[in-house]
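The values are calculated or read from the model by the stated rules, or taken from the named source; none is laboratory data. Here the structure is a predicted model, which is why all the values come from computation and not from measurement. Cβ: placed from backbone, ideal geometry, glycine included. Neighbour counts: every protein chain shown.
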């Protein structure tokens, strides 16, 4: 889950042209959470069905 959040946060900076355009602000964090939260909920809901019980 944490790795997924880090990926979403890095994706937020994919549209910058170069280091001079880099602006880190709270909005970038908010947008990363807004992308990550629904994905995380879906993953947690779907994973038990993908991995049946070992017993």
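Residues in the range 39-52 that are loosely packed, with under 10 Cβ neighbours inside 10 Å and under 15 Å from residue 8 (Cα atoms): how many?
0
Going through the range 24-37 one residue at a time, which ones are surrounded by 10 or more Cβ atoms within 10 Å (Cβ to Cβ) and not in a loop (DSSP other than H, G, I, E, B)?
Residues satisfying the conditions are 27, 28, 29, 30, 31, 32, 33, 34, 35, 36, 37.
Those residues that are part of a helix (DSSP H, G or I), out of contact with any helix residue (DSSP H, G or I) (no Cβ under 7 Å at 6 or more places or on another chain) and surrounded by 10 or more Cβ atoms within 10 Å (Cβ to Cβ), I need them from the range 1-23; list them, please.
Within the range 1-23, 6, 7, 10, 11 qualify.
Looking at this structure, is residue 48 part of a helix (DSSP H, G or I), at negative phi and either at pLDDT below 85 or in contact with a strand residue (DSSP E or B) (Cβ under 7 Å, 6 or more places away or on another chain) (or both)?
Here the answer is yes, as residue 48 does meet what is asked.
Can we say residue 40 is modelled with pLDDT under 85 and either in a helix (DSSP H, G or I) or in contact with a strand residue (DSSP E or B) (Cβ under 7 Å, 6 or more places away or on another chain) (or both)?
So residue 40 does not fit the description; no.
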